[in-house]
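Down below is the structure, laid out as structure tokens.
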Amino acid sequence: MTVALVGAGPGDPGLLTMRGAELLRAAEVVIYDRLIAIELLDLVPDGAELIDVGKGPGQSGIQADINDLLVAHGRSGRRVVRLKGGDPFVFGRGGEEAEVLRQAGIEVEVVPGVSSAFAAPAAAGIPVTHRTVSTSVTVVTGHHGDPVLPGVDWDLLGRLEGTLVVLMGMAARATIAERLMAAGRSGDTPVAVVHWGTTERQRVVRAPLRDLATVDLPAPSVIVIGAVAGLDVTAAAAAAGE
């Protein structure tokens, strides 16, 4: 009995890994999330069972139901793929699901995916690290509309000089900016918000940190804070080629 936790990537279906595609082509059950590229389901054989367990904002409570579903199908003897946006182990609750499956005696194969934490900025021409600009990057969650979360030390992050990438942070963006500036980050710090990065729906809005609250983009969006957010190396490359 094996369940494959497959990272679907950041949105562009072309960024699925070869191993992920191989498992989807052989799947008999696919349990998938809301933010996957729906085109990926075209890889699944006819007759396979497709189960949508996508969670909207504030619906984290249904995770227990998803865990039960994974165990039930994992015990069925069929080839099961749990298809998750981005990377299963980067704020995707893949670790929790893997633990539940292993506790139930079900083997788990983890197929890493391209995380939006790095892919969305890259698609906007923003390298999250750059030897002459930023030599460190920190990825945190701003989920639940409250940045005062266990394990997120906003006061410390406000004193750091590197790149800060915030996932699921748009609902709390005003408070995040306030906390970072109160801890020492300059209000002039460049910020870029990337909505639906890597897809044809991608939008990018840039602003100084003090104006982050005015950026009106919905989820899914990735917030990049730091000097690199002022870069657009792809635009520079395009201009050089003209």
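Just so you know, all these numbers are worked out from the coordinates, no wet-lab data involved. Please read all numbers here as calculations on a predicted model, not as lab measurements. Note that each Cβ is placed from the backbone with ideal geometry, even for glycine, and that neighbours are counted across all protein chains shown.
In table form, for the structure just shown:
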| item | result |
| --- | --- |
| Burial ordering of M168, M1, fewest other beta-carbon atoms within 10 Å first | M1, M168 |
| Mean Cα-pair separation over length for the chain, i.e. relative contact order, pairs under 8 Å, 6 or more apart, % | 20 percent |
| Debye intensity ratio in log₁₀ form over the Cα atoms of the chain, taken at each q of 0.07, 0.08, 0.16 Å⁻¹ | -0.26, -0.33, -1.10 |
| Extension gain, A104 back to D232 (0.36 nm per residue minus Cα-Cα distance, nm) | 41.4 nm |
| Relative contact order computed over segment 2-111 (Cα-Cα under 8 Å; 6+ residues apart), in percent | 43 percent |
| Debye log10 I(q)/I(0) at q = 0.24 Å⁻¹ for segment 46-123, Cα point scatterers | -1.28 |
| Residue list for segment 197-225, given a label point 7 angstrom along the Cα-to-Cβ vector of L160 and an amide N cut-off under 19 Å | 209-210, 222-225 |
| Per residue, the convex hull volume that the Cα atoms of segment 116-235 enclose (Å³) | 88 Å³ |
| Contour excess over end-to-end distance, with Cα ends at R210 and V139 and 0.36 nm allotted per residue | 23.6 nm |
| Net lengthening on full extension, A72/T17 (0.36 nm per residue, minus Cα-Cα) | 17.2 nm |
| log10 of Debye I(q)/I(0), alpha-carbon scatterers only, for segment 2-111 at 0.09 Å⁻¹ | -0.19 |
| Segment 74-185 - convex hull of alpha carbons, volume per residue in Å³ | 132 Å³ |
